[in-house]
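Chemist: Below: one structure in structure tokens.
The values are calculated or read from the model by the stated rules, or taken from the named source; none is laboratory data. Just so you know, these numbers come straight off a predicted model, no measurement behind them. Methodologically, a virtual Cβ is constructed for each residue, glycine included, from the backbone with ideal geometry; neighbour enumeration extends over all protein chains shown.
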Ligand code: EPU
């Protein structure tokens, strides 16, 4: 176990803000994870588990204890009837894994191309984009249960997946550390063209390959600054900063009434409910793309991304978050829930 001291966390995140970790350990195996957890416990160090850092806001004070960076690698493949199963180390880069599945002609995660972060983070918030979410293809998640220090395999139904949530970020937060994730993908399957942006991209009746869909998604993400490229301050963010709120029909009508009856964008969310667009609510509340508050602002290409234009602090980000939430609350009576995880703020 290699323990390093006073390690800046900002470079380990896509937002590039936040202070130092008092200690940081990179764990390359389940045994490393176990040993590090035991070390943190015996030294009474609060533990934070870091994946790809793409959905985090780290406090300016940093993390007072030990940050355990999950760097467990390895992908194993096995055929199972018309499916191919991929068992993937939690520390593998997500988009590199998607590229591999497309190269193997396996369908199921192709529209999740271009998402920053690591594989282990994907079940935690049930990553979704452009018509797919990982809940559809994850068959099991190997975890370390902290209370018992046992390694367990949780089946899909045990993970409690729903929109941007699972047991890992809700009811059982802090109970498990994700070590590996198994996906069952469809060999030779066809790409999913369901999301509006993809339907617009491909002519009706065409049947694009998985690779073409992967390329299209990356291009669409780039146009929204949701693809990380060097020297583009619009993508120095944590992606979507707020979740799309799910409301009942009456609330939807109320929202429409507040914009003079112009139909707000909505997506079916089951049980007669609809998902509203947080990006739309933000703009209608007066926060336009490209808005700037010193070193922080709103992306010029997507109103749902708060961005660090250079030299921002976590406090700057929080101030803009609060301002946007207050604006949307005043205009629509809706409380936007942040999507990123806040680290070290208590
Ligand atoms: N819109 C605006 N202004 C904008 C962008 C969008 O008003 O600047 C409105 C438009 O009406 C548009 C609608 O919002 O039609 C939906 O926009 P978009 O397709 O970009 O999707 P989103 O709902 O804003 C969600 C996810 C993204 C994911 C995309 C594509 C959440 C919180 N966000 O965004 O995920 O990539 O769909 O599937 O669910 C992330 O979680 O970090 C993330 C980037």
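Chemist: Name the residue that is farthest from the chain's Cα centre (by Cα), counting only residues in the range 213-228 that are on the phi < 0 side of the Ramachandran plot and in a loop (DSSP other than H, G, I, E, B).
Modeler: Among those that are on the phi < 0 side of the Ramachandran plot and in a loop (DSSP other than H, G, I, E, B), it is 224.
Chemist: Please work out which one of (1) within 22 Å of residue 115 (Cα to Cα); (2) assigned to a helix (DSSP H, G or I) is the condition residue 254 fails and give its number.
Modeler: Exception for residue 254: condition (1).
Chemist: Could you pull out the residue among 324, 307, 282 that is in a strand (DSSP E or B), crowded, with 22+ Cβ neighbours inside 10 Å and not assigned by TED's automatic domain parsing to the domain that holds residue 22?
Modeler: Residue meeting the stated conditions: 307.
Chemist: Could you check the range 174-196 and list, in sequence order, the residues that are assigned to a strand (DSSP E or B) and under 18 Å from residue 106 (Cα atoms)?
Modeler: 181, 182, 183, 184, 185, 186, 187
Chemist: Which residues, counting only those in the range 235-254, are farther than 23 Å from residue 164 by Cα and in contact with a strand residue (DSSP E or B) (Cβ under 9 Å, 6 or more places away or on another chain)?
Modeler: The answer is 254, and nothing else.
Chemist: Does residue 290 qualify as being at positive phi and either within 9 Å of the ligand (Cβ to nearest atom) or in a helix (DSSP H, G or I) (or both)?
Modeler: Here the answer is no, as residue 290 does not meet what is asked.
Chemist: What's the number of the only condition in (1) outside the structural domain of residue 116 (by TED's automatic domain parsing); (2) in contact with a helix residue (DSSP H, G or I) (Cβ under 9 Å, 6 or more places away or on another chain) that residue 84 fails to meet?
Modeler: Answer for residue 84: the failing condition is (1).
Chemist: Could you list, in sequence order, all residues of the range 20-39 that are buried (at least 20 other Cβ atoms within 10 Å of the Cβ) and not in a strand (DSSP E or B)?
Modeler: 33, 36, 37
Chemist: Residues to consider are 157, 171, 207; find the one that is assigned to a helix (DSSP H, G or I), more than 16 Å from the ligand (Cβ to nearest atom) and either out of contact with any strand residue (DSSP E or B) (no Cβ under 9 Å at 6 or more places or on another chain) or not assigned by TED's automatic domain parsing to the domain that holds residue 82 (or both).
Modeler: Only one candidate passes the filter, namely 157.
Chemist: Related question: Filter the range 50-60 for residues that are more than 16 Å from the ligand (Cβ to nearest atom) and surrounded by 20 or more Cβ atoms within 10 Å (Cβ to Cβ); which is nearest to residue 95 (Cα to Cα)?
Modeler: The residue in question is 50.
Chemist: Here's a follow-up. Restricting to the range 235-264, what's the tally of residues that are more than 17 Å from residue 275 (Cα to Cα), crowded, with 20+ Cβ neighbours inside 10 Å and more than 17 Å from the chain's Cα centre (by Cα)?
Modeler: Here the count works out to 0.
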